[in-house]
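Here's the structure we're looking at; comments come further down.
The values are calculated or read from the model by the stated rules, or taken from the named source; none is laboratory data. These figures come from a predicted structure and were not determined experimentally. Cβ: placed from backbone, ideal geometry, glycine included. Neighbour counts: every protein chain shown. Just the protein is used for accessible areas: all its heavy atoms, side chains included, with ligands, DNA and RNA removed. Shrake-Rupley method; radii C 1.70, N 1.55, O 1.52, S 1.80 Å.
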Amino acid sequence: MRPKPKFLVLCGDLVNAMPGTSSSEPQMNDVRDVFSALDPEITLFYLPGNHDIGDIPTEQGVEQYRRHFGPDHYSFWLNGCHFVVLNSQYYENESQCSHLAQEQREWLDGVLKEGPFQHRVVFQHIPWFVHNPDESKFYFNIDKPLRTQMLNKFKENGVSKIFCGHLHENAGGWDDTLELVVSSAIGAQLGEVPAGHGFRIVKVYEDRIEHNYVTLDNAPTDISL
């Protein structure tokens, strides 16, 4: 791909096997082996999904993830833009690791005070909503009261985009000035009209962020900026 991407984000579900199963560790090793072939000029960022640390995450599951892939939440800067990576499983169910969820909450409050920035973008696995910020709770989104609280926090702190996975099909919507983008998977496809195995190309300009989903069969080699 020309020009080369500045970085690549894998938005969770790096493996299929759930933590604690016999296939979990081997699959995590396989992921790292596969991506060891990535061009070293492209920075790779991981984040956890429910298959990586469990639908109900535990301290043991999070520790296993961190051992293979590094921190489960962090932020980084590039060309004046601030990128925040979250462990969304804590927002789904923190009952078995409440102290870890609290650590992320306190950390996030501090990170959102950093600046100035040109754009602020969040990456996480579970989307706060799939189509509409007022939709009811179901498996693929996050409980509405917490959703409203966090979306307001993000908007108040200048977040313009949230990129997510989890759904295995393309979706998303707007909450005022904040766009939430759900990308389908490079693996299993769901939905009545599957998007196709693929990934999302994101272009960051001074005044805007553009993005589009491409399938592996039709992925461009030259990117127009």
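State all residues of region 164-178 that are under 24 Å from Asp72 (Cβ atoms) and out of contact with any His (no Cβ under 8 Å at 6 or more places or on another chain); if no residue qualifies, say none.
Of everything in region 164-178, those that are under 24 Å from Asp72 (Cβ atoms) and out of contact with any His (no Cβ under 8 Å at 6 or more places or on another chain) turn out to be Leu167, His168, Leu178.
For residues that are in a loop (DSSP other than H, G, I, E, B) and either open to solvent by 60 Å² or more (accessible area, probe 1.4 Å) or closer than 15 Å to Phe69 by Cβ (or both), scanning just region 15-33, find the one that is modelled with the lowest pLDDT.
Ranking the qualifying residues of region 15-33, first place goes to Gly20.
Have a look at Glu106, Glu94, Glu63 and point out the one that is open to solvent by 50 Å² or more (accessible area, probe 1.4 Å) and touching a helix residue (DSSP H, G or I) at 6+ places or on another chain (Cβ under 6 Å).
Details: Glu106 fails: touching a helix residue (DSSP H, G or I) at 6+ places or on another chain (Cβ under 6 Å); Glu63 fails: touching a helix residue (DSSP H, G or I) at 6+ places or on another chain (Cβ under 6 Å).
Of Glu106, Glu94, Glu63, the one residue that is open to solvent by 50 Å² or more (accessible area, probe 1.4 Å) and touching a helix residue (DSSP H, G or I) at 6+ places or on another chain (Cβ under 6 Å) is Glu94.
In region 131-148, which residue that is of a type in the set (D, E, K, R) and under 21 Å from Gly12 (Cα atoms) is nearest to the chain's Cα centre (by Cα)?
Arg147
Could you tell me whether any residue of region 103-112 is of a type outside the set (D, E, K, R), at pLDDT 95 or above, part of a loop (DSSP other than H, G, I, E, B) and touching an Asp or Glu at 6+ places or on another chain (Cβ under 8 Å)? Don't jump to the end; show me each part of the working.
Initially, region 103-112 is screened for residues of a type outside the set (D, E, K, R), giving 104, 107-108, 110-112.
Within this subset, residues satisfying the condition of being at pLDDT 95 or above are 104, 107-108, 110-112.
Imposing the further condition that a residue be part of a loop (DSSP other than H, G, I, E, B) reduces the set to 112.
Still in the running and touching an Asp or Glu at 6+ places or on another chain (Cβ under 8 Å): none.
The answer is no; no qualifying residue exists.
Can you tell me which of (1) touching a Pro at 6+ places or on another chain (Cβ under 7 Å); (2) more than 19 Å from Val84 (Cβ to Cβ) is the one Tyr205 doesn't meet?
With respect to (1) touching a Pro at 6+ places or on another chain (Cβ under 7 Å); (2) more than 19 Å from Val84 (Cβ to Cβ), Tyr205 is out only on (1).
Which of the residues spanning region 84-102 are over 14 Å from the mean Cα position of the chain (by Cα) and either part of a loop (DSSP other than H, G, I, E, B) or of a type in the set (Lys, Arg) (or both)?
If the condition is that a residue be over 14 Å from the mean Cα position of the chain (by Cα) and either part of a loop (DSSP other than H, G, I, E, B) or of a type in the set (Lys, Arg) (or both), then Asn93, Glu94, Ser95, Gln96, Cys97 are the ones that fit.
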